[in-house]
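Here's the structure, in structure tokens; my notes come after.
What follows is calculated from the coordinates using simple rules that are stated; it is not laboratory data. Just so it is clear, the structure is predicted and the values come from calculations on it, not from any experiment. Counting neighbours? That spans all protein chains shown, and the Cβs are built from the backbone with ideal geometry, glycine included.
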């Protein structure tokens, strides 16, 4: 498995695990931010409070622009997103989990969710 696919699989597994552990009862961030991201953020904060070994602090997300995707890309980069890719109105990349609540304040954002995309390997 290629590193990018491993990272996406880990992020999806973490969101699934956190949802199962908390019963899907994540902190409400915004109607524009998927509940799984809010749940992941709440679990991350709880982990940090306990000073336990916490899961990776980045999550692969897909964000849909409310207008200009370039403006959303710039806003997400300002939040610390890395490895940013733009396809149409969708901006994808690795966002630090602590930045999730700040997504709700972006006027350039229509909706954000964990990335569920994958790539096909014909090898």
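Residue 45 label point, 7 Å along Cα→Cβ, cut-off 20 Å on backbone N: hits in the stretch 78-102?
79-81, 95-102
Tell me, how many Å apart are the Cα centres for the stretch 86-108 and for the stretch 37-69?
Their Cα centres are 11 Å away from one another.
Please give the peptides 90-100, 41-51 ranked by average Cβ packing (other Cβ atoms within 10 Å per residue), highest first, as a rough proxy for protection.
Highest mean packing first, the order is 90-100, 41-51.
Full-extension gain between residue 57 and residue 71, please, as 0.36 nm times their residue separation minus the C-alpha to C-alpha distance. Working shown, then result.
Working: separation 14, 0.36 × 14 = 5.04 nm, distance 2.43 nm.
Value of the extension gain: 2.6 nm.
Using a Förster radius of 25 Å, what is the FRET efficiency between residue 82 and residue 113 based on their Cβ-Cβ separation? Nearest 0.05, please.
E(calc), rounded to 0.05, equals 0.85.
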